[in-house]
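The values are calculated or read from the model by the stated rules, or taken from the named source; none is laboratory data. Bear in mind the structure is a predicted one, so any value in this text is a computation, not a measurement. All Cβ positions, glycine included, derive from the backbone under ideal geometry; neighbour counts span all protein chains shown. Just the protein is used for accessible areas: all its heavy atoms, side chains included, with ligands, DNA and RNA removed. Shrake-Rupley method; radii C 1.70, N 1.55, O 1.52, S 1.80 Å.
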Amino acid sequence: MRNSTGDNYSERLDDAARAGWLYYIAGYKQDEIARTMGVSRQTAQRLVAMALREKLIRIRLEHPIMRCMELADRLTRAFGLEACDVVPSAPGETSPVAGLAEAGARAMERELSAVRGRVIAVGTGRTLRACVEELTPMNRPDHTVVALLGHMMPGGLSTRFNVVVRLADRINAGHYPMPLPIYARSAQEREVYRELDTVKQIHRLAREAEVTFVGLGNIGPDAPLLVDGLMSQKEVDSYIAAGAVGEMTGWIFNAEGRLIQGLANDRVNSVPLTRRKGRRVYCLAAGSSRVTAIRAALRGRLVNCLITNEATAEEILALSGL
C-alpha cells in the first residue's frame, strides 16, 4: 500500500515505530536516532511525530495532579459518586476528547480486568469511540458487550461513532449491537421494535450489565444530535422550550435530571435509563456547553461515575454553589 507521496506506508510505519521506541523508551535524542537509523535529523523528527500521530506510541500520565484530585473529591462528595476522575485542562482547549479518552481507557481497563466475565453496556459518540481506540487490546472472550441504543441514522446508514463493535473487537469479546435507527418515526413504531425477540434479548442483557459507559450531549445550538443530523433545529427548539438541557443514549432530560415527558423520548430506541444497586455507570463528558447537562445527570443520579476535565469540574461546582 502506498500513500500520496509514493513512499511504502508499511515501511514508514516500521521506521516510525523504531524511532518512537528509541525516543520514548530508550531515551535517545533526535540526533542520536538520526545516526542510529541513518537518516537526517529532520527525518528522525518526522518519524517520532508519526509514531504519536498513528498511535504507535501511547503516552499516559500516571502521576495524580493534586488540583485534579481535589476537584474529583469535591464532586464525589457533592453528588455521592462511586468514582470520579478529573483530567488536566489545556489553556484555550477547544476539544477535550483526547484527555477524556485516556482516562476513559484506564477506567475501562480496570473494569475489564475483572477475574470473571461480565456484561458491559455501552452508548455511542465521539468521546467513547476515542476512548475505545486508546484501550489496550486484550483477549477476554468471557466478557459480553451490549449496545444501549440503535446505531443507525435516518435512512439506514450506520453512525460514525459506533462503539459496541469496536470495543468487542479490541477485547475479543462477543457483542450485541442494536440494529435499529436511534429514533423510531413514531411511538407506535418503537413499540413494534421493542416486541422483536432480538431487541428483548438486548434489553435483558443491558439490564444485567455490571458496568456501563456512556457519553452525554447538551441540548442547544451545538447539540450533538443536531450536528449529527439526528434532529432538526425545530425539534431542538421544542425540547429547549420543554426544559431539556441534555441527552444520554438518546434520552432527553431536564435540569433536575428527570426525563422529559413525550417528544423524542416516546420514539428513542434505547434501553431505558434505570438505576440498580451495585452497577457502575460511567459518564465521559466535558466542555462548557455540557456543564448544565452533566450537572443535571449527576443531580438526577442518571450516572454514578464521572470522567471529566479540570475546567468542566470547576464550572459544575461553581454552578452548584460549591
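Structure above, values below:
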read-out: In region 231-253, the residues that are among the β-branched types (Val, Ile, Thr) and not in a helix (DSSP H, G or I); value: Val245, Thr249, Ile252
read-out: Near pairs, Cβ below 7 angstrom, 6+ apart or cross-chain, from region 62-81 (closer than 19 Å to Asn304 by Cβ and modelled with pLDDT of 95 or more) to any residue that is open to solvent by 40 Å² or more (accessible area, probe 1.4 Å) and in a loop (DSSP other than H, G, I, E, B); value: Arg74/Leu322; Ala78/Leu322
read-out: Residues satisfying the stated conditions in region 177-233, i.e. among the aliphatic types (A, V, I, L, M) and free of Cβ contacts under 8 Å to residues at least 12 places away in the same chain; value: Val192, Leu196, Leu226, Val227
read-out: When residues of region 254-282 are limited to those that are in a strand (DSSP E or B) and more than 21 Å from Leu230 (Cα to Cα), the one farthest from the chain's Cα centre (by Cα); value: Arg280
read-out: Verdict on Ala105 being among the hydrophobic types (A, V, I, L, M, F, W, C) and either surrounded by 18 or more Cβ atoms within 10 Å (Cβ to Cβ) or assigned to a strand (DSSP E or B) (or both); value: yes
read-out: Test: residue in region 295-312 that is of a type in the set (Asp, Glu), over 19 Å from Val122 (Cβ atoms), open to solvent by 60 Å² or more (accessible area, probe 1.4 Å) and part of a helix (DSSP H, G or I); value: no
read-out: Residues that are touching a helix residue (DSSP H, G or I) at 6+ places or on another chain (Cβ under 8 Å) and open to solvent by 40 Å² or more (accessible area, probe 1.4 Å), drawn from region 227-248; value: Ser232, Gln233, Glu235, Ser238, Ala242
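A quick yes/no check of all residues on (1) surrounded by 15 or more Cβ atoms within 10 Å (Cβ to Cβ); (2) at pLDDT 85 or above:
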| residue | (1), (2) |
| --- | --- |
| Asp7 | no, no |
| Tyr28 | yes, yes |
| Ser40 | no, yes |
| Arg53 | no, no |
| Pro88 | no, yes |
| Pro91 | no, no |
| Ser95 | no, no |
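For every residue, the table says whether it meets (1) open to solvent by 40 Å² or more (accessible area, probe 1.4 Å); (2) over 15 Å from the mean Cα position of the chain (by Cα).
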position: Thr124; (1), (2): yes, no
position: Cys131; (1), (2): no, no
position: Ala147; (1), (2): no, no
position: Val163; (1), (2): no, no
position: Ala173; (1), (2): no, yes
position: Tyr183; (1), (2): no, yes
position: Val192; (1), (2): yes, yes
position: Val199; (1), (2): no, yes
position: Ala206; (1), (2): no, yes
